[in-house]
1. For the range 113-125, in order, what is each residue's ³J(HN,Hα) by Karplus, 6.51 cos²θ - 1.76 cosθ + 1.60 with θ = phi - 60°, in whole Hz (x at glycine and Pro)?
2. Considering only Thr160, Gly150, His47, whose Cα is most displaced toward the positive end of the charge dipole of the chain, charges sitting on Cβ of Lys, Arg (+1) and Asp, Glu (-1)?
3. Given charges of +1 on the Cβ of Lys and Arg and -1 on the Cβ of Asp and Glu, with all other atoms neutral, how large is the dipole of the range 54-152 about its Cα centre, in debye to the nearest 20?
4. In what order, largest first, do Thr22, Thr190 sit by accessible area if the probe radius is 1.4 Å?
5. Among Gln140, Leu78, Val199, whose Cα projects farthest towards the positive end of the dipole of the chain, with charges put on the beta-carbon of Lys, Arg (+1) and Asp, Glu (-1)?
6. How much length is gained if the chain between His185 and Leu69 is pulled fully straight, taking 0.36 nm per residue apart and subtracting their Cα-Cα distance, in nm to one decimal?
7. What range in the chain is the longest one free of chymotrypsin sites (Phe, Trp or Tyr not before Pro) that are in a loop by DSSP and have at most 11 other Cβ atoms within 10 angstrom?
8. Can you tell me which of 34-42, 203-211, 108-116, 46-54 comes out highest on packing, and rank the rest after it, using the mean Cβ neighbours within 10 Å?
Amino acid sequence: MTFDWAAIPEMMPQLLSGLRVTVLATLVIMAIALVVALPIALARMSHNPLLRLPSTVYVQVLRGTPVLLQLFYLYYVLPFAGIELNAWTAGIIGMSAAYSAYLSEIYRAGIEAIDRGQTEAALSLGMSRVQVMRIVVLPQAFRIVIPPIGNMFVGLFKDTSLLSILTIRELMFQGQLIAATNFRHITIFTVIAVLYLAVCWPSAAIIDRLEKQLKATPTDKGTAGGSRGWPAGQVATPETMA
């Protein structure tokens, strides 16, 4: 069996249809995970055990089990308990939950990377803890976590291939359907690999460029003895954030 160039035009419409589904699923899952991950990260850092313990269990369970298993459980096991989800609902919930657990740890690492001296100084100025988190900590933390979040986005785009087990017609599932009818496996899966690379490679280049720009910002220079991203001796306050 050899690579068949003549077969590509025939299969491309179906593969591009699958690629559109893959991109849509990636955007929806990432949007949900980004929103859900932040309160989970904050709960993990809370001194209140009623917030910290459930969020810790959530993160550890989802990070400690394969995403594929979680999707199987939602789609094939829950119906035995009387809970039936369609393929799209199970896929979006399952992958959003899994990625929110991973992203929450990225958020938490970014928040904890901010010098505690800035928080203490802002509190001494009369700011509430909510104001400190919103005005002082989170803007700096988001700058730190943008590169790893970008890498997670690329990883999610590839991991959406797991949705094929739920019969969602994303790129890999469409490829499997075509392969089951014309048996041109080399051609089909090579084209699929090229389509994945066509999205992932430019995305990774953009992320690398963004990371270099963030590292090269003026606030990172001349800060010896100072806090991350702030001139030496200067405290992050509402005035300095403006």
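1. 6, 6, 4, 5, x, 5, 5, 5, 5, 5, 5, 5, 7
2. His47
3. Magnitude of the dipole: close to 160 debye.
4. Values: Thr22 0, Thr190 60 Å².
The residues order as Thr190, Thr22, largest area first.
5. Value computed over the given set: Gln140.
6. Gain on stretching His185 to Leu69: 39.1 nm.
7. Longest site-free region, per DSSP loop and neighbour criteria: 4-182.
8. Sorting 34-42, 203-211, 108-116, 46-54 by mean packing, highest first, produces 34-42, 108-116, 203-211, 46-54.
The values are calculated or read from the model by the stated rules, or taken from the named source; none is laboratory data. All values derive from a computational prediction rather than experimental measurement. We place every Cβ from the backbone using ideal geometry, glycine too, and count neighbours over all the protein chains shown. The accessibility values were calculated without ligands, DNA or RNA, using every heavy atom of the protein model including side chains. Shrake-Rupley method; radii C 1.70, N 1.55, O 1.52, S 1.80 Å.
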